[in-house]
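Each reported figure results from applying straightforward, stated rules to the coordinates on display, with no laboratory input. Keep in mind that this is a model prediction, so the values were computed, not measured. Neighbour counts are summed over all protein chains in view; Cβ atoms, including those assigned to glycine, are modelled from backbone coordinates with ideal geometry.
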Amino acid sequence: MNNRKKRPQGADNQHSLFIAHVVQQLRAQPSKVNIIKRNLEEYRQQRFLKRGFLTAIERFDWVFEASDNIEDICQQILADDYIGKRLRRYPLLFKGIVKSDSLFIVPKQ
């Protein structure tokens, strides 16, 4: 039996849109990877974090060790594997990459 809470579908769509904006910003300005690294350091300093959040920080460390190439990093964030899902689960890791006013602009496809 599955006891997990289901997120409303609108929340999933907003979350996906946010991650898409993050990846778009990283590709446009690769130096924003430093914002993620600062966020990782900031959260590492906190005394009490959920185990899952700590795992996400560790997985991001793995991603950065594996490659400095921005495209590889973006692909890993978007990957539908364990690491990609873990990274996307904690949007606070991407704090400061996307301006809040640009979240309401839907990119043209």
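Taking the Cβ of residue 82 as the center, what net charge do the other residues with Cβ under 13 Å away carry, scoring Lys and Arg +1 and Asp and Glu -1?
Local charge sum for residue 82: +2.
To the nearest 0.05, what FRET efficiency results for residue 67 and residue 29 with a Förster distance of 25 Å applied to their C-beta separation?
After rounding, the FRET efficiency stands at 0.90.
Checking the cross-link filter: which aspartates and glutamates have an alpha carbon closer than 14 Å to that of residue 32, excluding same-chain neighbours under 8 positions apart?
Within the straight-line limit of under 14 Å, residue 32 reaches these aspartates and glutamates: 68, 71.
So what's the net charge close to residue 66: Lys and Arg +1, Asp and Glu -1, counting the other residues with Cβ under 15 Å from its Cβ?
Its environment carries a net charge of -4.
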